[in-house]
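Student: There's a structure below that I have some questions on.
Read the figures in this text as sums done on the coordinates, not as results from a lab. If you're wondering where the values come from, they're calculated on a predicted model, not measured in any experiment. We place every Cβ from the backbone using ideal geometry, glycine too, and count neighbours over all the protein chains shown.
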Amino acid sequence: MTFLIASPPLARALAERNFDRLTQVQTAVLADDAAGRDLLVSAQTGSGKTVAYGLAIATNLLDAAERFERAAAPLALIVAPTRELALQVHRELSWLYQHAGARVVSCVGGMDPRREQRELAAGAHIVVGTPGRLCDHLRRGRLDVSELKAIVLDEADEMLDLGFREDMEFILKATPDDRRTLLFSATLPRGIVALAKAYQQAAFRVEVAGDEGGHADIEYRAVRIAAGDVEHAVVNTLRFYESPGALVFCNTRDAVRHLQATLLERGFSVVALSGELTQNERTMALQALRDGRARVCVATDVAARGIDLPNLDLVIHADIPNDPEVMQHRSGRTGRAGRKGVSVLLVPPARRRRAEVLLNLAGIDAAWGTAPQPDEIRRLDQERMLKDALFSEETTAEDLMLAQALLAERSAEDIAAALARLYRARLPSPEDILDPAQGSGRSREDRGRDREGRPPRGEDRSAAPRPRKGKSSPRHVMSDGSVWFRASIGSRKNAEARWLLPMICRRGGIEKSDIGAIRIMDTTTEFEISARAAESFAVKIRRPDKEDNIRLEALEGGPSREEVREPAWTPKPHGKRTEGSDRAGFDKKARYDTKKPHKPAYAGKPLRENAAPAKAAFGKKKKKFRT
């Protein structure tokens, strides 16, 4: 180790963790000018702040001793804005002070307060908690802060944003006046400076964020996209980088739910974090990310605060952040502990100016470009496949036996092609991305046509094809023949071609080029599969799918030709019918004839079949009225 720590047990813990050098913030808080003084530290998220203040308060807690005495009233109090951050700090300080015999207790919302009460009663050296739960323990007399020597406010700017100012002031007023106060924040807005002046004494200010604004280990990219291509851009960005861990930010809970459902349909292993989740659901989602069962997390700003995920190399801003501080907090989830990270900002044309102002205020120099295209992603897939760990693993005797059996039955080219298909099958298909400079990508004539394929106003509509029931997606025509299939979901359950398409590809193991028209009706969806892929598609869709309960089956007799059903009856205007008309037309002379009563025209049945019951019902009502 190339640095010296005053406390031997802490130095031993760092050595066991292979710390060979201190970060910039850790070096700054251990400087001679900062020794024993209150600290106001501005440092980016992920810069090693937890270890920094753990080292800084060691002299206050241990003095010259190598081990703590028996735990009694707490000597240090760490306040963090969220449960996840508080539990993370608890883990960090536990291993940092393990050789000093420290007892570290956590007090956070969502956990059992009675268990925390028992642990506090048993004694603690360091207490880590969230503002609300710590205030609750203080008011109930469960937390004794009379012996407190140091207090740390971690991520103080986030606590202000979350509305914890009164709780922080209550905690600071309850602690002894001679305690040491360390305030750590990613940014220093006026509220933080005012809090420091009120509750710190001659604080030593440390700024290690740097003049460049963002992390030096984060590559910032601004991606120009068309207005309706946000979801497709997220899919292609995830596929392009193939990060073991990715975090996608949205501004609202509804956007989080929608994007999570979209990514699940496209075959990504994804979880969501939003304020509506219970603590147990949040814990399960984070655990899935930590153990590798999930690779993508879609979250809101508040829900993602304080989480620390391993192998998080990619952050995507699906919605543009509201201010520069939020931008830095989001991006700070990656690029930690010397790892490189990428932060991608998706910018529709209408938000271009706002994005430029945001990046300028945040001091971020982002590289502008367009979203990854499918050809680029497929080329990278080929390179990744050739470097896959599968080829470097040791070959067993059973593997060789199976390989020889395959070579005896199939050619090497057939086996390699099958391997390529298996490799591609586990990867979500990239999406076609429009060029934002071309707007919607449709010509003026195309934009003039409505959803049913009618030509623009002023053109001859007599030659336009009669629309069939349901909504058809503008897929290409099958030149070599096709087979129609049906899915047991329709518009009543919000079926849309943009998520049905990847689901069909995943379930049937086919490419998008094998799918023709998609017609979405009320309760079902009919779609066209090319003849060359129909046989294998029909076999694969017989297998049950655990991700959805949508039934896919072959459509006997081709697509449905039913017309849109008329309602049970249609009110007609007053006046005489125009002779020979099959619509609700009437002549001009009788247009304003209001003497004749308004009668419904029953559709599907002759009027005489319905006249008798209607007349009888009317007579009963009239008789009842007279009595």
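Student: How many nm separate the modelled label positions at residue 16 and residue 373, each set 7 Å beyond the Cα in the direction of the Cβ?
Tutor: Label at residue 16, label at residue 373, 5.5 nm between them.
Student: Going by C-beta contacts inside 10 Å, put 252, 82, 175, 370 in order with the fewest on the left. If you can, show how the numbers build up before the last one.
Tutor: Details: 252 11, 82 22, 175 18, 370 15.
Going from least to most buried by this count: 252, 370, 175, 82.
Student: How large is ³J(HN,Hα), in whole Hz, for each residue of the stretch 394-406 in order, when computed from phi with the Karplus curve 6.51 cos²θ - 1.76 cosθ + 1.60 and θ = phi - 60°, using x for Gly and Pro?
Tutor: 5, 8, 8, 5, 5, 4, 5, 5, 5, 5, 5, 5, 5
Student: I've got another one for you. Please order 415, 320, 151 by the number of other Cβ within 10 Å, starting at the fewest.
Tutor: Details: 415 14, 320 18, 151 25.
Fewest-to-most Cβ neighbours within 10 Å comes out as 415, 320, 151.
Student: What is the spin-label model distance, in nm, from residue 492 to residue 535 if the labels are put 7 Å beyond Cα along the C-beta direction?
Tutor: Rounded to a tenth, the inter-label distance reads 3.7 nm.
Student: Report the calculated FRET efficiency for residue 219 and residue 388 (r = Cβ-Cβ distance, R0 = 25 Å), to the nearest 0.05. Let's see the in-between values first.
Tutor: Working: r = 25 Å, r/R0 = 0.99.
Here the calculated transfer efficiency is 0.50.
Student: With point charges of +1 on the Cβ of Lys and Arg and -1 on the Cβ of Asp and Glu, referenced to the Cα centre of the stretch 142-271, which listed residue (225, 163, 145) lies farthest in the positive direction of the dipole?
Tutor: The one lying farthest along the dipole's positive direction is 163.
Student: Here's something else I'd like to know. Projected onto the charge dipole of the stretch 296-428 (+1 at Lys/Arg Cβ, -1 at Asp/Glu Cβ, origin at the Cα centre), which of 401, 345, 321 gives the Cα projection farthest towards the positive end?
Tutor: The one lying farthest along the dipole's positive direction is 321.
Student: Amide H to amide H under 5 Å from residue 311: which residues, 5+ apart in sequence or cross-chain, H placed 1.01 Å off N in plane?
Tutor: Answer set, sorted by chain and number: none.
Student: Under unit Cβ charges (Lys, Arg +1; Asp, Glu -1), what dipole magnitude, rounded to 20 debye, does the stretch 8-207 have relative to its Cα centre? Present the calculation step by step, with values, prior to reporting the outcome.
Tutor: Values: 25 positive and 27 negative charges, 80 e Å.
Computed about the Cα centre, the dipole is about 380 debye.
Student: Across the stretch 513-524, in residue order, what do the Karplus-derived ³J(HN,Hα) couplings come to in whole Hz, using 6.51 cos²θ - 1.76 cosθ + 1.60 with θ = phi - 60° and x for Gly and Pro?
Tutor: Calculated HN-Hα couplings, in order: 5, 8, 10, x, 6, 10, 10, 9, 10, 4, 10, 9 Hz.
Student: Right, something else. Neighbour counts of other C-beta atoms within 10 Å: give me 300, 59 arranged from fewest to most.
Tutor: Values: 300 20, 59 17.
The most exposed by this proxy come first: 59, 300.
Student: Quick one: grab the alpha carbon gyration tensor of the stretch 218-377, order the square roots of its eigenvalues as a ≥ b ≥ c, and give me rounded if a/c is under 1.5, else prolate or oblate depending on whether a/b is larger than b/c.
Tutor: Working: a/c = 1.43, a/b = 1.30, b/c = 1.10.
Judged from the Cα gyration tensor, the stretch 218-377 comes out rounded (a/c under 1.5).
Student: Roughly how big is the stretch 190-349's charge dipole about its Cα centre, with Cβ charges of +1 (Lys, Arg) and -1 (Asp, Glu), in debye to the nearest 20?
Tutor: On the way: 19 positive and 19 negative charges, 56 e Å.
Dipole magnitude for the stretch 190-349 comes out near 280 debye.
Student: Continuing with this model, one more query. I'm checking a number: the convex hull volume of the Cα atoms of the stretch 8-207, normalised per residue, in Å³. What is it? Present the calculation step by step, with values, prior to reporting the outcome.
Tutor: Values: hull volume 22.1 nm³, N = 200.
So the per-residue Cα hull volume is 110 Å³.
Student: In percent, how large is the relative contact order of the stretch 218-377, given Cα pairs closer than 8 Å and 6 or more residues apart?
Tutor: Details: 283 pairs, mean separation 62.7, N = 160.
Computed value for the stretch 218-377: 39 percent relative contact order.
Student: Need the full-extension length gain, residue 70 to residue 511, defined as separation in residues times 0.36 nm minus the C-alpha distance. One decimal, nm. List each step's numbers first, then the result.
Tutor: Numbers: separation 441, 0.36 × 441 = 158.76 nm, distance 6.67 nm.
Gain in length upon complete extension: 152.1 nm.
Student: Ok, one more. I'd like the FRET efficiency for residue 254 and residue 121, computed as 1/(1 + (r/R0)^6) with the beta carbon distance as r and R0 of 60 Å, rounded to 0.05.
Tutor: Values: r = 44 Å, r/R0 = 0.73.
In this case the efficiency is close to 0.85.
Student: Residue 412 to residue 356: extension gain in nm, 0.36 nm per residue of separation minus the Cα-Cα distance?
Tutor: Values: separation 56, 0.36 × 56 = 20.16 nm, distance 5.31 nm.
14.8 nm is the gain from fully extending residue 412 to residue 356.
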